[in-house]
Amino acid sequence: MRELNVVAALAGRDLLKFFRDPGRLVAAVVFPFAMIFLLGGTLQLNLGGAVGFNFIAFTFTGFLGITLFQSTAQGLTSLIDDRQNDFAQEIFVSPVSRYSIVFGKIVGETLVAIAQVLPFVLFAAVLRVPLTPTALLLLVPVALLSCFMGGAFGLLLLNTMSDSRASNQIFNFVFLPQYFLAGLISPINVLPWYLEVLSLVSPMRYVIDLARGVVFAGSADYGRVVLLSPVTNAAVLALMFALFMILGTALFVRRETHR
């Protein structure tokens, strides 16, 4: 029961901090919507006819996937600050399982990421994204899997960081290349072999492609924008999640035990 209380406390704290931060709240909602509207609209008008698919829906699914994945991953790095500040310091020195701390943090950042993408769905009609009731229903497990994958990836990266400054540098180095390797705003159906290799090991590729597979399912554009079937993407993400979670948690617990 104590461990469940720790999970609930950490998860609730992260969600409450998000809603109490107006700047982060506005930026989380406005920035992706503006990028989808501006980039998607510009690309649709200039390239949509040539490539033959809906660029607004393409960028929508890209930013949907990246928000779920990156928000949760970056949220895990706040454990660095929590180790030094706030009531979390008491949790770290109390006799509770480090596994509960990790799981509570992932659950909390998952809730934050989902709260950030809810406006995406509300604005989908304005952006003319073809979201069917079936797609909306399937996006729920897609969102959870993407967030858990992001949390496991962030946990793995956390073990390479010493402070928040290092986290910013490492995240820029790790995430920025994935924007291009995962096809955030441009198709990656054809890549040179060396970029194809990097793309195949990029977790963000499977997150974004899974979202696209669900949204574009049944449409004429499916074959042009989706790289792998949703089942294949989900299987790859589940395998990556298991590997990253086991390794990341083991390293985190070992690191905390030897402090």
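Would you please report the Å³ per residue occupied by the convex hull of the alpha carbon atoms in region 126-196?
Values: hull volume 10.8 nm³, N = 71.
Convex hull volume per residue, Cα atoms: 152 Å³.
Using the Kirkwood formula over every pair of different C-alpha atoms, what hydrodynamic radius in Å results for region 106-259? About 16.9 Å, per the Kirkwood formula over Cα pairs. In order along region 7-19, the phi-based Karplus estimate (6.51 cos²θ - 1.76 cosθ + 1.60, θ = phi - 60°) of 3J(HN,Hα) comes to 4, 5, 5, 5, 5, x, 5, 5, 5, 5, 4, 5, 6 Hz; Gly and Pro are listed as x. Summary of the geometry: region 199-259 and region 97-111, compared by the centres of their Cα atoms, lie 19 Å apart.
Values in this text are rule-based calculations from the coordinates and carry no lab data. Keep in mind it's a predicted model, so treat the numbers as computed, not measured.
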